[in-house]
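One structure is given below, encoded as structure tokens.
Just so it is clear, none of the values below were taken in a lab; they were calculated from the coordinates. Keep in mind that what you see is a predicted model, and the values were worked out from it rather than measured. Reconstructed Cβ throughout: ideal geometry from the backbone, glycine too, with neighbour counts over all protein chains shown.
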Amino acid sequence: MKKTFLLLSITLLLLQSCSSENSSNENNNSSTYSFSQGGIITDIDGNSYPTIVTNCSNQVWMQKNLNVSHYRNGDLIPQVTDPTAWGNLTTGAWCYYNNDAANGIVYGKLYNWYAVNDSRGLAPVGYHIPTKAEWTIFINCLEGEFVAGGKMKETGISHWNDPNTAATNESGFTGLPGSSRDIAIFGNIGTYAKFWSSSEQNSSEASGYFMNYGTSACFSIYENKKNGFSVRCIKN
């Protein structure tokens, strides 16, 4: 009888321990990431951008792609449409996807990395282009590269191609498939997004981030500084 009671007591203790552990894990998982809507910021051209404030990383991100055509000091950033001229650049420039201004309304501008790195400042006052480390912090808050893309993509197929895999936008980032300009060739809008970081890899390449309509991932990439990518900014 004593043995039976002892075994029953041990079983109950184990069940309580498992229940407490599961409850703790559920609470931790439920509080891993959330965001709140931040204020509106304005660039030197008068373009406005809503922002999000993350609880996990305490970062403040722009919720739209950058669309400015002047550096922060007022100097003009050249718009370059000719593919040969674009491919020969070693200074900052921008273009619209497919050189069509209508695309800028939704997707913003595509910038080469030389514009990102220009000391005159591409981002609005009080903001900067995120480093690779700052991107990594945000992505880790979203449980890593393999699932972060789905949490960062705008939902639905108004802009992303079908099936826009795993898109929930639970991060609030509202990533759009603005594609890219790979030196002289434009990619396929609707299929992917590429964003610059301010981190340099070597003399010809810099770090960026990539998300696609057919995956839930947001992977880090290294690409030619001459390429044109979308830009998001983060608060200083």
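Roughly what % of DSSP beta bridges within region 126-214 run antiparallel, to the nearest 5? Taking every DSSP beta bridge within region 126-214, about 80 percent pair in antiparallel fashion. Taking other Cβ atoms within 10 Å as a rough exposure proxy, 198, 158 sort from fewest to most as 158, 198.
Computed over the chain, relative contact order equals 20 percent, with contacts defined as Cα pairs under 8 Å that lie 6+ residues apart. Highest mean packing first, where packing is the average number of other Cβ atoms within 10 Å per residue, the peptides 111-117, 227-233, 65-71 line up as 227-233, 111-117, 65-71.
Computed from the Cβ-Cβ distance with R0 of 22 Å, the FRET efficiency linking residue 165 to residue 128 stands at 0.10. Packing-based ranking of 174-181, 49-56 yields 174-181, 49-56, ordered from highest to lowest mean Cβ neighbour count within 10 Å. Nearest 0.05, what FRET efficiency do residue 32 and residue 119 give at R0 = 41 Å with Cβ-Cβ as r? The value I calculate is 0.65. Dipole orientation for the chain: of the candidates 174, 105, 84, 174 has the Cα lying most toward the positive pole (charges on Cβ; Lys, Arg +1; Asp, Glu -1).
With a sphere of radius 14 Å drawn around the Cβ of residue 147, what net charge do the other residues whose Cβ falls strictly inside it have (Lys, Arg +1; Asp, Glu -1)? Taking every Cβ under 14 Å from that of residue 147, the sum is -1. Placing R0 at 22 angstrom, the Cβ-Cβ distance between residue 105 and residue 155 gives a FRET efficiency of 0.65 after rounding to 0.05. Each residue of region 35-235 gets 101 Å³ once the volume of the Cα convex hull is shared out per residue.
Here is how the number arises for the chain: DSSP H runs of 4 or more residues each give -39500 (n - 2.57), the sum is divided by the residue count, and the result at 222 nm is -8000 deg cm²/dmol.
For the chain, the Cβ-based charge dipole about the Cα centre amounts to some 420 debye (Lys, Arg positive; Asp, Glu negative; other atoms uncharged). The protection proxy used here, the mean number of other Cβ atoms lying within 10 Å of each residue, ranks peptides 145-156, 76-87 as follows, highest first: 145-156, 76-87. Using a simple spin-label model with pseudo-atoms 7 Å out from Cα toward Cβ, residue 219 and residue 42 lie 4.2 nm apart.
Computed over neighbours whose Cβ is under 11 Å from that of residue 68, the net charge equals 0, Lys and Arg +1, Asp and Glu -1. Less than 5 angstrom separates the built amide H of residue 38 from those of 51, 52, 53, all sequence-distant by 5 or more or on a different chain.
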